[in-house]
1. For B:I99, which of the numbered conditions (1) surrounded by fewer than 10 Cβ atoms within 10 Å (Cβ to Cβ); (2) modelled with pLDDT of 90 or more fails to hold?
2. Run down B:A228, B:A204 and say which single residue is small (G, A, S) and within 14 Å of chain A (Cβ to nearest Cβ).
3. Name every residue in the range B:170-225 that is within 18 Å of B:I112 (Cβ to Cβ), outside any helix (DSSP H, G or I) and either in contact (Cβ under 8 Å) with a residue 60 or more places away in the chain or not β-branched (V, I, T) (or both), in order of residue number.
4. Within the range A:95-136, track down each residue that is assigned to a loop (DSSP other than H, G, I, E, B) and either of a type in the set (A, V, I, L, M) or away from chain B (no Cβ under 14 Å) (or both).
5. When the residues of the range A:137-154 are narrowed to those that are of a type in the set (G, A, S) and crowded, with 22+ Cβ neighbours inside 10 Å, which ends up nearest to the other protein chains (Cβ to nearest Cβ)?
6. Going by the structure shown, is B:A251 within 26 Å of B:S170 (Cβ to Cβ), of a type in the set (A, V, I, L, M, F, W, C), in contact (Cβ under 8 Å) with a residue 24 or more places away in the chain and not in a helix (DSSP H, G or I)?
7. Only one residue in B:N283, B:N274, B:N249 is on the phi > 0 side of the Ramachandran plot and more than 14 Å from chain A (Cβ to nearest Cβ), so which one is that?
8. Evaluate the range B:30-51: report whether one residue or more is among the hydroxyl-bearing types (S, T, Y), within 25 Å of the chain's Cα centre (by Cα) and outside any strand (DSSP E or B).
Amino acid sequence: MFVNNDVSKQDMEERHIVQPHDPDHPVVLSTEDLHVYYGKSEALYEGDLKFAQNQITALIGPSGSGKSTFLRSLNRMNDRIATVTGKIMYRGVDVNQPDVDVYEMRRRIGMVFQRPNPFAKSIYDNIAFALRLRGVTAKKDLDEKVERSLRQAALWDQVKDELTKSALALSGGQAQRLCIARAIALRPDILLLDEPASALDPVSTSQLEDTLLKLKEHYTIIIVTHNMQQAARISEYTAFFNQGRVLEYDTTSHIFTNPRVQVTSDYVSGNFG
Amino acid sequence: MKNTQPTTADLERQLKRRSKAAKLEVWGRVVSFSALILIVAVVVAIIGFVASKGIATFTTNHVNLWDFLTGKDWNPGIKDAHGKPEVGALSMIVGSFLITILSALIATPFAIGTAVFMNEISPNRGAKILQPVTELLVGIPSVVYGFIGLSVVVPFTRNVFGGSGFGILSGTCVLFVMILPTVTSMSADALRSVPRYYREASLALGATQWQTIWKVVLRAATPGLMTAVVFGMARAFGEALAVQMVIGNAALMPHTLVDPAATLTSVLTTGIGNTVMGSLQNNALWSLALVLLLMSLVFNLIVRLIGRKGRLH
């Protein structure tokens, strides 16, 4: 819808996909022949990507390009509203099979949403929520895990004296870091973030980015973002989505300094979208 | 065309002239304000009338308020051994509360279960089948419920539990069906108002759908669900006709759930036509009406308190 027809035709040939191949950071998650349909309309096709361990991969692209749809399909949050076909290979297992326990899978592939969405519970209970569901009940164990999660999300120093306060009293940036702490309380393997900074002010955004860079040591991070500077600042790999397809995938430095596809070049230089 | 500005004097005249729009606004305000005045006046008049009549029992007829609230014998035409009229309303107050609480206790799990099914488990079928059915149930006149109660429920309790079949149990069964749709549709509203991102957050943390419903959705909807139950109780407490048809209308302390009993409303509807205005018998009925009115105010207050508490979270 942003591109005239000539360019669209041109897209059909012009794609440039370079999957990561770094022996220090093996591929942990990949999609094969992934298609997503909302009813009869196809929202995503040709979205085959590989994701490297302990790296940050950014998914960029204009609104409606399918990047959020793609991300939400990875831990099957789209199951009830869309049809997802194809393979989602997680460490050798296809998790897009009906016999896979999605609840167990989501423990390993966690997700943080665009809008900070803490529960109307205390800060402590927000983080303990998922742990308790997993049968962690010992006070000492819970305390330890809550503290560790809050520390990793860089929120511990600000809230350690008010853990029993309602999480709804937190500022937007704090609430979003609480949501990250809540997601990593279960020590997932992969963390999916859907535009986590879009509702935050610049200071909170930059704190969030610092947090993500530290979290990279423990987790594989895939982040959808509208903010191209953010993608350029924090990610190792960037995938450019347009009209339901991945047009270009490469290291972030390549995408931003030397894009091979014309549409990508237009997008990252701000000429459309 | 040249854009000429009016002189200051002209401009002042134009701006200060009362336009049609301004007049319309004043008119609109007058109309809506008088509507408000009318409603407030009606409510005040009702409360004032019921209160003045209801208090007459205690002022004109010198009945002790404590005796009225705790006495077990209801026979306003007859005086007891001490020469005091028998106007003890306890058996009816107990009957009303018993029937209200029992029917709410039974209806609540069914209502919340239905609401959960409609909203969380099968929204499509819920919207297509359950929603219209609940709305239909709300619209059935209470005399129909009472009639079904009389011809189905009463014989059933008589055959199963013995006795005449009239009593608290039959009343509870009828009221259960009557308040179920109200509580269900209000519970469904409460669940609908829980934001979608709560559910998403919970599912993304690996919670199952059931865990999400139980630990997140129902918790977040608790104030709304409590409001729904209290509204159902208010309806049960005030229902007259259907209850009157199945409860047996004996103003006696109920010893079992199948003894004939009475509620405030059933005594009122059976008695109000058979008494003379200004007599003790008549005043005593007004006192019952006053108790009913005060109780519905209490139910309203509870709903408001719950609503306020719900906002604080």
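1. For B:I99, the exception is condition (1).
2. B:A204
3. Scanning the range B:170-225 gives B:S193, B:A221.
4. Hits for the range A:95-136 are A:V95, A:N96, A:Q97, A:P98, A:D99, A:V100, A:A120, A:V136.
5. First pass over the range A:137-154, keeping only residues of a type in the set (G, A, S): A:138, A:149, A:153-154.
The next check asks that each one be crowded, with 22+ Cβ neighbours inside 10 Å; those that pass are A:149, A:153.
Values: A:S149: 12, A:A153: 14 Å.
Here the residue is A:S149.
6. Here the answer is yes, as B:A251 does meet what is asked.
7. Numbers: B:N283 fails: on the phi > 0 side of the Ramachandran plot; B:N274 fails: on the phi > 0 side of the Ramachandran plot.
The match here is B:N249.
8. No, the conditions are met nowhere in the range B:30-51.
The values are calculated or read from the model by the stated rules, or taken from the named source; none is laboratory data. On a predicted model such as this, the values are computed, not experimentally measured, just so you know. Here the Cβ is made from the backbone with ideal geometry for all residues, glycine too, and neighbour counts use every protein chain on show.
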